[in-house]
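Scroll down for the structure; my scribbles are underneath it.
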Amino acid sequence: MSQLSLESLFLSDLPDPQPAPSSPVQMLTAAEARKQFASVFRHTAPYMRRSEVFRDFITLAASDLDMARIRSPENIENSRRIYGRYKPDDIDAMKQLFCLLVEGLAGEFHDFLGTLYMEHALGADEMGQYFSPSSISRLMAGLLMPDAVETIKREGWMTLDEPACGSAGMVIAFAYWMAEKGLNPSEQLYATCTDIDPMVADMAFIQLALLGIPAKVVTGNTLTLQASRVRYTPVHYFNDWPGRMAFRKRFEAMRNFMATMAA
């Protein structure tokens with residue numbers, strides 16, 4: 001397993017046991033976590049371009065959240081190759097960045113990585129990449145909610161397809177409104193997200209994985225239907241979404257058959 005593994009992130013650097021503090025530990029707000037992330041990121045591997053460091057961080061984080069590949073030889077070798085480019089202090093900084101990302105997403109549904117991506121001009125201009133601010137995504141997602149609520153009431157859960165997902169800002173905004181209305185995105189929403197840029201698709205995968213949103217994330221071209229990689233968020237497996245979707249497919253096939261027979 002790579003050095004950025006979830007176990008190492010949360011266990012390897014723990015200090016020796018100390019008496020419990022008298023006051024509770026306060027979590028960072030999303031804005032505070034993003035500010036600290038930006039500060040650590042600026043000083044991580046100053047001998048490399050910011051876009052390279054960000055891409056390597058995203059690659060490592062996505063690899064360690066991909067349950068289907070986390071222990072694969074290819075994944076381990078790729079992580080070793082990336083770490084070979086960094087000094088020990090910078091590897092520790094990568095771990096800190098991941099912890100700040102987790103903390104930044106712990107309090108609310110928002111596009112943490114997409115905001116950083118735009119604030120630090122890490123996008124590919126030649127691809128016309130622009131990620132909508134969370135406020136815009138929430139406004140657009142809010143317009144869809146009345147129909148979505150009716151679908152969920154009728155069928156129990158709904159699907160959402162994003163053919164050019166970016167960092168999954170729209171899906172995250174949709175999950176935000178679901179939570180606001182007392183719905184559970186982990187149980188009542190399934191997203192299929194596609195992006196042609198491998199790093200951007202990984203950003204979407206990381207955020208959906210950490211937010212507990214079941215999703216299939218495809219690196220590929222929606223127009224040509226070509227794909228180079230497919231990843232599933234952990235809750236896809238934990239909540240048995242393959243079984244749920246297979247049951248719905250059988251149910252709809254039976255319903256269509258009965259409708260044909262009755263016609």
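The values are calculated or read from the model by the stated rules, or taken from the named source; none is laboratory data. Worth saying up front: this structure is predicted, and the values here are computed from it rather than measured. We place every Cβ from the backbone using ideal geometry, glycine too, and count neighbours over all the protein chains shown. The protein model used for the area step is the full one, side chains on, heavy atoms only, and it has no ligands, DNA or RNA in it. Shrake-Rupley method; radii C 1.70, N 1.55, O 1.52, S 1.80 Å.
Observations on the structure shown:
- Counting only DSSP H runs of at least 4 residues, each contributing -39500 (n - 2.57), and dividing by the residue count of the chain, the helix-based mean residue ellipticity at 222 nm comes to -17500 deg cm²/dmol.
- Projected label distance in nm at ILE70 and MET245, using a 7 Å step from Cα toward the beta-carbon: 2.1 nm
- Residues with amide H under 5 Å from that of ALA191, placed H, sequence gap 5 or more: LEU160, ALA215, LYS216
- Carbon and sulfur %, accessible surface of region 74-182 computed with the full protein complex present, 1.4 Å: 52 percent
- Whether region 216-262 is rounded, prolate or oblate, judged on the alpha carbon gyration tensor where a/c under 1.5 counts as rounded: oblate
- The label-point distance for TYR237 and GLN26, in a model that sets each label 7 Å from Cα toward Cβ, rounds to 3.8 nm.
- Per residue solvent-accessible surface (Å²) - region 159-223, probe of 1.4 Å: 31 Å²
- Taking the square roots of 5 times each eigenvalue of the Cα gyration tensor of region 124-249, largest first, gives ellipsoid semi-axes of 23, 18, 12 Å.
- Neighbourhood net charge (14 Å Cβ-Cβ; Lys/Arg +1, Asp/Glu -1) for GLU119: +3
- Both numbers refer to the Cα atoms of region 181-263; Rg and Dmax are 15.8, 50 Å.
- Taken per residue, the accessible surface of region 60-102 reaches 50 Å², heavy atoms only and a 1.4 Å probe.
- Cα-based convex hull, the chain, per residue volume (Å³, whole number): 169 Å³
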